[in-house]
Amino acid sequence: MEIRHLRYFVAVARHLNFTAAAESLGVAQPPLSQQIRDLEAEIGTALFERTTRRVSLTRAGEDFLKQALAILQRAEDAVQRARAIGAGTAGILNVGLTGSVLTGPLGRAIQQFALNYPDVDLRIHEMSPDRQIAALKSGQTDVSFLRCPPQDVDIVSTPAWTESVRVVLPKGHKLAAKKVTLADLRDESFVFLRLDDSLFAKYLWQCCFEAGFAPRITHQAIESASLISLVAAGLGVAIIPEFVSKLAHQDVVYRPVGGSPIRADVHALRTSASNPLVDQFVSLVQTLGHTA
């Protein structure tokens, strides 16, 4: 049984006239009649009662009409959804990230994307930077957002938005009211992002080294937001991305880092596989990033 058989049957059931049904379908009447006979033979029961005066549905035909209409509607829905997925307006989008990137344009982009594309199921997967790369390669996620993306031939990296850094100081710190340079922090204890799985943390360590000192690290954390709490607890100072400093905390002070081109720019990472949904989402993130 093919979809066209169902369409032919529905047309005859609606018109209850083979000639009128054939005209509506744009086919000849004899082949249409043969197709209906073939369908009845395949099913094993009559769907129409035919006399010289009229055509009517049998009880089996009445029930089959309901099922045929439902199947045709599901088929049409499947076609429309496939077209929408191909156009990047429907489907499932799995996004890998660390919590800190949500404080920037990405958080607003997720909200706006949900409004723009209500038929897209956007799923967030919060994970460490090294796990994000593995998730992309395995197909668990479609796109990830990272600072300092790795050099990997299997990953395509696109700039998402630019971002500077801030130093986090305990409230009342001697540098809290001054213009701070990286060199001013040489004698401080640091709380740092975990060096084992964050290229951004390694980059910040290298920036300190180039400023003339190796940071004395007392504690490490997975998330930049956690560093703020560690600074507030008096465990050291921290360097965090600019947008993370929007998280208010009464016991810390945020200061820009002068005299150093330290960056916390974020990149959108994906595999080389084409995905219109990823294209749409990354484009929105970039647009919002330019206005941040």
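The values are calculated or read from the model by the stated rules, or taken from the named source; none is laboratory data. Everything quoted here is computed from the prediction, not taken from an experiment. FYI the Cβ positions are ideal-geometry reconstructions off the backbone, even for glycines, and counts take in every protein chain you see. Note: accessible area is taken over every heavy atom of the protein model, side chains too, but ligands, DNA and RNA are not part of it. Shrake-Rupley method; radii C 1.70, N 1.55, O 1.52, S 1.80 Å.
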Every listed condition ((1) closer than 29 Å to Glu2 by Cα; (2) in contact with a Ser or Thr (Cβ under 7 Å, 6 or more places away or on another chain); (3) not hydroxyl-bearing (Ser, Thr, Tyr)) holds for Leu69 save (2)
Pick from region 163-178, criterion within 14 Å of Phe200 (Cβ to Cβ) and not in a strand (DSSP E or B), ranking: farthest from the chain's Cα centre (by Cα):
Ser164
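Going through region 109-139 one residue at a time, which ones are aliphatic (A, V, I, L, M), open to solvent by 50 Å² or more (accessible area, probe 1.4 Å) and closer than 25 Å to Asp154 by Cβ?
Step one: filter region 109-139 for residues aliphatic (A, V, I, L, M), giving 109-110, 114-115, 120, 122, 124, 127, 133-136.
Subset that is open to solvent by 50 Å² or more (accessible area, probe 1.4 Å): 114-115, 124, 134.
Listed by number, the residues that qualify are Ile124, Ala134.
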Before we move on, is Ala176 free of Cβ contacts under 8 Å to residues at least 24 places away in the same chain, of a type outside the set (Asp, Glu) and open to solvent by less than 70 Å² (accessible area, probe 1.4 Å)?
no
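Going through region 84-95 one residue at a time, which ones are open to solvent by 30 Å² or more (accessible area, probe 1.4 Å) and of a type outside the set (S, T, N, Q)? Break it down stepwise before answering.
Taking region 84-95 first, the residues open to solvent by 30 Å² or more (accessible area, probe 1.4 Å) are 85-87, 89, 92.
Passing the criteria: Ile85, Gly86, Ala87, Ile92.
Yes or no: region 258-275 includes at least one residue that is open to solvent by 60 Å² or more (accessible area, probe 1.4 Å), part of a loop (DSSP other than H, G, I, E, B) and touching a helix residue (DSSP H, G or I) at 6+ places or on another chain (Cβ under 6 Å).
Within region 258-275, the first condition is being open to solvent by 60 Å² or more (accessible area, probe 1.4 Å), and the residues that meet it are 259, 261, 263, 272-274.
Right, trim to part of a loop (DSSP other than H, G, I, E, B) and you get 259, 261, 263, 272-274.
Applying the additional criterion that residues be touching a helix residue (DSSP H, G or I) at 6+ places or on another chain (Cβ under 6 Å) yields none.
Checked region 258-275: no residue is open to solvent by 60 Å² or more (accessible area, probe 1.4 Å), part of a loop (DSSP other than H, G, I, E, B) and touching a helix residue (DSSP H, G or I) at 6+ places or on another chain (Cβ under 6 Å).
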Quick one: which of Leu97, Leu65 is touching a residue at least 40 places away in the same chain (Cβ under 8 Å) and under 30 Å from Ser144 (Cβ atoms)?
Leu97
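Does Arg263 satisfy the criteria of being closer than 17 Å to Asp184 by Cβ and of a type in the set (D, E, K, R)? If you could, list the steps in order and put the result at the bottom.
Details: closer than 17 Å to Asp184 by Cβ: no; of a type in the set (D, E, K, R): yes.
No: the conditions fail for Arg263.
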Can we say Leu102 is open to solvent by less than 20 Å² (accessible area, probe 1.4 Å) and farther than 29 Å from Met1 by Cβ?
no
Residues that are closer than 24 Å to Arg108 by Cα, in a helix (DSSP H, G or I) and of a type in the set (S, T, N, Q): does region 276-284 have at least one?
yes
Restricted to region 185-242, and to residues that are closer than 21 Å to Glu126 by Cα and polar (S, T, N, Q), which residue is most open to solvent (accessible area, probe 1.4 Å)?
Gln220
